[in-house]
Amino acid sequence: MIIFRKATKKEIVKIEKALNEWAGKNIYKKITSGRIVVIGEGRIKEVFLVPVEVCNILDKTKKVRMPYYLGLFFGEINGEFKISLEGLWLISKYSRERGVVVSEKGEQLFLYGRDILEESIIKVGSLVQIGSKVIVFNKFYEPLGLGMISKFSDKLTEQPKTIIKNILDRGWYLRKGR
Amino acid sequence: MDVGELAKKLAEKYGYHVYMIERYLELFGEEGTIEFLEANEKGLNPVIRCNTLKISVESLRNRLVKKGFVLRKVPWIDYAFQVVKSPFSLGSTTEYLLGYYYVHRGMGSLLPVHALDPKPGEIVIDAAAAPGGKTSQMAQLMKNKGVILAVDISRERMKSLRSNLSRLGVENVIAYRMDARDLPKFGIKADKILLDAPCTGEGLIPIDRSRKKSRLIEDIKYCSTLQFSMLTALLKCLKKGGILVYSTCSIAPEENELVIHRVLERFPLSIEKMDLKDGLPGFTEFFGCKVRDEIREARRFYPHIHGTEGFFICKLRLREELNDNI
């Protein structure tokens, strides 16, 4: 059974630290305004953002029965905090400079779970560093998922090329989320 | 040709149980039955509901039209479109994956929430919630404010509910996997409740042909009993003056008008008129049975008349709060 409870200080610090890296200081405050951070503790530790009114209902009902799910799934804590697809959606407008914009072809491939090759990268944010996680945006700055940007040496040309390894993409809803 | 022979002939031609055709002939007459059976063969266009929590109706329409979709506005609901032509699968576009729309199998399933009319800040119960189509429609009308208690008993379908609500950016839901009849144990009084009740699903034949043969007459009786017990339990979770919308995708009067008649006989309820431009009145007489006249205010929808799934909706108001002993 999953037990739902409010996040501890230690867990909040972990989440805050991860969010600061994505979107700068104060992002935690912005994101949690009007919401309470709730942990669903079962096999794994899931993080939910829960509106205060919903949390009041949780407080009233959890003695009778624990819910299956509530609020917005924001990520999970497994050592470090890993943000979810909808978490990315929430922070994306504050973290464009930590993202890359990809072409329509790149968008399609990425949503099929594939990596993004240099040809499909249209723009790289000013805070992006090789070897770091990046938010993958389409041309409308809609977040498609999360990738890891790196360089590799092209076998044919022996030139260094950029690649974005797929970590998480919204095609998950089609492949696994039904 | 006598009715028995005609029923056998039509059942054979269209592939139904004979008992179903006999019942249709009694409810709709010969001409109406044939029109109904023919409409069931044609199927229905799927409907997409724009998720206004994430995108405007106009922006979504423009993006999909640009991609080659042909859309037609749903007459009664300004945030939904029938899909006349789709160049890709509706569940694989970027717009779907971004949570900009939900796919409904027909227009009828949009009506119960439209009739319920949930408002921001209210406490609402969705008593048979999975896979989340109606729950997410409620959330968008409530602008993610207030609370929806979404309840369903199916483990598999709850997974779909979670996935759909996440994709659509719904936040104001607390979901329970449980029998909705246990909800009174929470002691919560809701402003509004939707019971889109488990049913035989005869109205879904245009979408799912297997239903022509998959249900027996005993299933109607079983569902009717279940529906009554769910409705009875849920009324205990409603505030004084609160609204409960009861709907099914069945056209069997035993699952609809008869269930409503039984609760009207037992509880302090009145039937509310609904802001629905279409739909036929509920039956007040069927199969030799007479029910209360006000059930006329319920609405019936049919594929051959309204271009929807077969659907029944009734809006009830609770005049006095019930205690748990009733």
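Any read-out appearing in this document is the output of simple, stated calculations on the displayed coordinates, not a laboratory observation. None of these values were measured; they are calculated from a predicted model. In this analysis, Cβ positions are derived from the backbone assuming ideal geometry, glycine residues included, and neighbour counts consider all displayed protein chains.
Annotations
- Sites A:Leu127 and B:Thr52 - FRET efficiency at Förster radius 25 Å, r taken between beta-carbons, to 0.05: 0.15
- Within 10 Å of the Cβ of each residue in B:160-171, the mean number of Cβ atoms contributed by other protein chains is 5.
- The packing ranking, built from the mean of other Cβ atoms within 10 Å per residue, places the peptides A:133-144, B:250-261 in the order B:250-261, A:133-144, highest first.
- Fully extended contour minus Cα-Cα distance, from B:Val70 to B:Lys42, at 0.36 nm per residue: 8.2 nm
- Other protein chain C-beta atoms within 10 Å of residue C-beta, averaged over B:148-155: 2.
- Estimated distance in nm for a label pair at B:Arg262 and B:Asp179, the labels positioned 7 Å out from Cα along Cα-to-Cβ: 1.5
- Calculation over all alpha carbon pairs of chain A in 10 angstrom steps from 0 returns a P(r) of 9, 34, 31, 18, 6, 1, 0 percent.
- Length gained when the stretch A:Lys30-A:Asn56 is fully extended (0.36 nm per residue, less Cα-Cα span): 7.3 nm
- Cα→Cβ-extended label distance, 7 Å offset, between B:Lys221 and B:Phe88, nm: 5.1
- For the pair B:Arg157 and A:Lys151, a Förster radius of 56 Å applied to the C-beta separation gives a FRET efficiency near 0.80, rounded to the nearest 0.05.
- Counting every C-alpha pair in chain B, the share spaced more than 38 angstrom apart comes to 14%.
- Volume of the Cα convex hull of the stretch B:3-42, divided per residue and given in Å³: 53
- Selection from A:Ser103, A:Asn138, A:Pro160 lying farthest towards where the dipole of the stretch A:95-175 points positive, charges on Cβ: A:Asn138
- Both numbers refer to the Cα atoms of the stretch A:72-158; Rg and Dmax are 13.5, 46 Å.
- Cross-link pairs A:Lys6/B:Lys185; A:Lys14/B:Lys185; B:Lys185/B:Lys315 - those with Cα-Cα distance over 31 Å: A:Lys14/B:Lys185
- Kirkwood Rh (inverse of mean 1/r, distinct Cα pairs), the protein assembly as shown, angstrom: 24.7
- When the C-alpha to C-alpha distance is required to be over 18 Å, the pairs from A:Lys151/A:Lys176; A:Lys9/B:Lys159; B:Lys9/B:Lys212; B:Lys73/B:Lys192; A:Lys93/B:Lys143 that qualify are A:Lys151/A:Lys176; A:Lys9/B:Lys159; B:Lys73/B:Lys192; A:Lys93/B:Lys143.
- Sorting the segments B:233-241, A:111-119 by their residues' average number of neighbouring beta-carbon atoms within 10 angstrom, most packed first, yields B:233-241, A:111-119.
- Partner aspartates and glutamates for B:Lys54 [C-alpha distance under 14 Å; skip if fewer than 8 residues away on the same chain]: A:Glu86, A:Glu142, B:Glu95, B:Glu171
- Nearest-0.05 FRET efficiency for A:Lys161 and A:Glu97, computed from C-beta distance (R0 25 Å): 0.65
- Stretch gain in nm, segment A:Met1-A:Leu117, where the contour uses 0.36 nm per residue and the Cα spacing is subtracted: 37.5 nm
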